[in-house]
Each structure stands twice: as structure tokens, then as C-alpha cells.
Amino acid sequence: MRSSSSPGSKQNWRAATAFALVLGTTLLAACGPVPDTSVAPGLDARADVVSGIQRSDAAATLLPASVRDVGALRVGRSIGSPPAGFYLEDNRTAVGLDVDITEAVARKLGLRVEAEEAAFETILPALGSGKYDAGTGNFGVTEERKKTIDFATYIQDGQGFAVRKGDAGGPITDVTQLCGRTVGTSKGTTFEATLNAQVHRCAEIGEPAYQVQVFSESSTLYSALSQHKIDAIMSTINGLRYASTQQPAVELRNEFRRLDVGFALAKGSPLAPALQAAVNELIRDGDYERILNKWGVAASAIPESQVSPAEIH
């Protein structure tokens, strides 16, 4: 789900995703060209749905002078896995829902995007130092994060589980169904926090605890599942749904809980109202719907953007 921005990690993600698709549950060494699996059937990652978006004076007037005078939105972004953010076959071009939403919002505000790719777990701490104006990477809104971070929401995603296709068991509706198993997830995420916070529940029902393995890159996470090193994955609902269309060995087992997702901002950032207004104008104009339709996530649409809403329970 999350990746670093080094060229090697980009190449590893592309290779691992392709191998998992072609070889099912067995990961073999490459012996020739691999197919492009970055885009699900029917989706065109190169489709332009943002260049026609016009500046909104009403939204732009809400910009703090520090951003308006520079004329740029400095974004720290985590490029991890489809459909939120990933690389095309050139291993340099970043695309995805987060990329399009960021560009669309910047155009509404009359700004250019200055994006720096960073590891998921490094972005939130960097906001407080002023390194970035905003962060993207499918950041879910939680009460814990709201202690130090503000959000301007743009979609609703959440937490889900996936297993190897054909594995025994039905929908995973409670973490106690994982007792005695090994669960893989991404470093620094709400998934890791949820699993660690609830692992004690297995002992309470007399079952062995589940083991949590944390991965920095989606390539190694999905490879671990295919190689039977882990029994399940906890990740984003949209990401797992997408993976299940690309990798025959992956099966989504449940939408565990929903979370609002938004631009992450330093606590008290004066930029939040401007981002909120820009997203709401995109919703009213129909551009928002076009972006979500491009990435096949229309079911995750929100009716309006909010600033740091209450965590969904």
C-alpha cells in the first residue's frame, strides 16, 4: 500500500505486482518482459480529467498569503499502490486518485503542484516542520491523528481484509477471527495501529494471539501473501478491491470499517478552508465525479468535504 520513492522500490513494485498476477501464489524469477498490470480492465490511467478545471475566485480568496504568494501547493505524497497512487510502466510517472485530486484542487485554487514523493510514515511528522503544505497517501481521519494533524476530506475509504483466494473461512468481521494467524499490513498506518491495539482480545477468548508483520512496500506485502508467509492482509478497501481484480490469488474478505480520507495538514493550518472549498466546488461542478469514475471508486464518494470530522465508528 505504501512505498518509498527510490527508483529501485518503484521497479520492485512493478515486478512484484506483475509476477503475482501471472504466477498466482508462486513467485518465480523473471525470465522476460512482464505485462503491465498497473491499471484494471476498463480504466485508463492516462485519461485527462483535470486539465479543463478552472480557477475559482471564491476558493482562492481563502488561501493563506504564504501559499498564495508562492503560487504553489507543496505536497508530500506517498506513492504506494492502485488506485490511490502508483507508477506507470516507465517507473517515473505517478498516477492515481490522489494525484488527480491534488491537481484538480490546485487548479481550483490557481496554484501549481510541487510534489515530493516520500515514504508514507515520514509525511505526517514533516507537516509540523513546514516542509510540506499538505500530505497525501490515503490518510484516514482518526481521533489519534487529529491530536497533531488537521484534515480536509475528499473521499471515504477504510480498512479491509484480504486472503489468498480459496482459503477457508468467510468474511472477516472481527479481529478475533485472525487469532493464531499472521497478518501483514503497511508501516505507520491505521491498520497497524488497529491490529496492535486489539491483539489482546485473542487471549481474552483463550486463543493464541495473531502475529502482525509490517511492510514498507506493497510489493513485499503482496508477495508475502502469495508465498504463504502471511495468512491475510489488512489494507485499504479500495486498494484490496483493486488488487483482487488484478491478482487472481487475492480475495477481498470484508470491508472491516470505513474512514474518511483527506489532505493531511499541520494542526491549525490556515490552508484547510481553502482545500475544503476547492473540493466542494469540484463536487458541485461534476469534476469530482469524473475523477472518481476514472479510478473506479465512485462508491467512495463523499457528499461534501469537511475539516477534521469526527472519526467514523
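Within segment 190-209, residues that are closer than 16 Å to ARG145 by Cα have Cβ atoms under 6 Å from residues that are part of a loop (DSSP other than H, G, I, E, B) in these pairs: THR190/THR142, counting only partners at least 6 apart in sequence or on another chain.
Here the condition is being within 27 Å of SER305 (Cα to Cα) and in a loop (DSSP other than H, G, I, E, B); of GLY166, GLY170, GLY188, it holds for GLY188 alone. Within segment 117-143, residues that are in the same structural domain as ARG74 (by TED's automatic domain parsing) and more than 22 Å from SER218 (Cα to Cα) have Cβ atoms under 6 Å from residues that are at pLDDT below 95 and outside any loop (DSSP other than H, G, I, E, B) in these pairs: THR142/THR190, counting only partners at least 6 apart in sequence or on another chain. If we keep just the residues of segment 84-117 that are surrounded by fewer than 24 Cβ atoms within 10 Å (Cβ to Cβ) and either touching a Cys at 6+ places or on another chain (Cβ under 9 Å) or of a type in the set (Lys, Arg) (or both), which is modelled with the lowest pLDDT? Out of the qualifying residues, it is ARG92.
Note on segment 41-65: among residues that are among the small types (Gly, Ala, Ser) and outside any helix (DSSP H, G or I), the one that is nearest to VAL307 (Cα to Cα) is SER56.
Screening segment 217-228 for residues that are in contact with a helix residue (DSSP H, G or I) (Cβ under 8 Å, 6 or more places away or on another chain) and of a type outside the set (Asp, Glu) and picking the one that is farthest from LEU97 (Cα to Cα) gives SER226.
Of GLN211, GLN177, all but one fail to be surrounded by fewer than 17 Cβ atoms within 10 Å (Cβ to Cβ) and at pLDDT 95 or above; the exception is GLN211. All of (1) at pLDDT 95 or above; (2) crowded, with 21+ Cβ neighbours inside 10 Å; (3) assigned by TED's automatic domain parsing to the domain that holds ALA152 hold for ILE283 with one exception: (2). Is it the case that segment 211-229 has a residue that's closer than 30 Å to ALA104 by Cβ and β-branched (Val, Ile, Thr)? No, because not a single residue in segment 211-229 is closer than 30 Å to ALA104 by Cβ and β-branched (Val, Ile, Thr).
When the residues of segment 143-174 are narrowed to those that are of a type in the set (Ser, Thr, Tyr) and more than 18 Å from GLY268 (Cβ to Cβ), which ends up surrounded by the most Cβ atoms within 10 Å (Cβ to Cβ)? It comes out as TYR154.
Of the residues making up segment 250-259, not a single one is of a type in the set (Val, Ile, Thr), assigned by TED's automatic domain parsing to the domain that holds ALA134 and in contact (Cβ under 8 Å) with a residue 12 or more places away in the chain. Filtered by the rule that a residue be surrounded by fewer than 21 Cβ atoms within 10 Å (Cβ to Cβ) and at pLDDT 95 or above, segment 252-279 gives LYS267, GLY268, PRO270, PRO273. Here SER78, SER51 are screened, and the one residue that is in contact with a helix residue (DSSP H, G or I) (Cβ under 9 Å, 6 or more places away or on another chain) and under 17 Å from ALA134 (Cβ atoms) is SER78.
The values are calculated or read from the model by the stated rules, or taken from the named source; none is laboratory data. Because the structure is a prediction, the values reported are computed rather than measured. All Cβ positions, glycine included, derive from the backbone under ideal geometry; neighbour counts span all protein chains shown.
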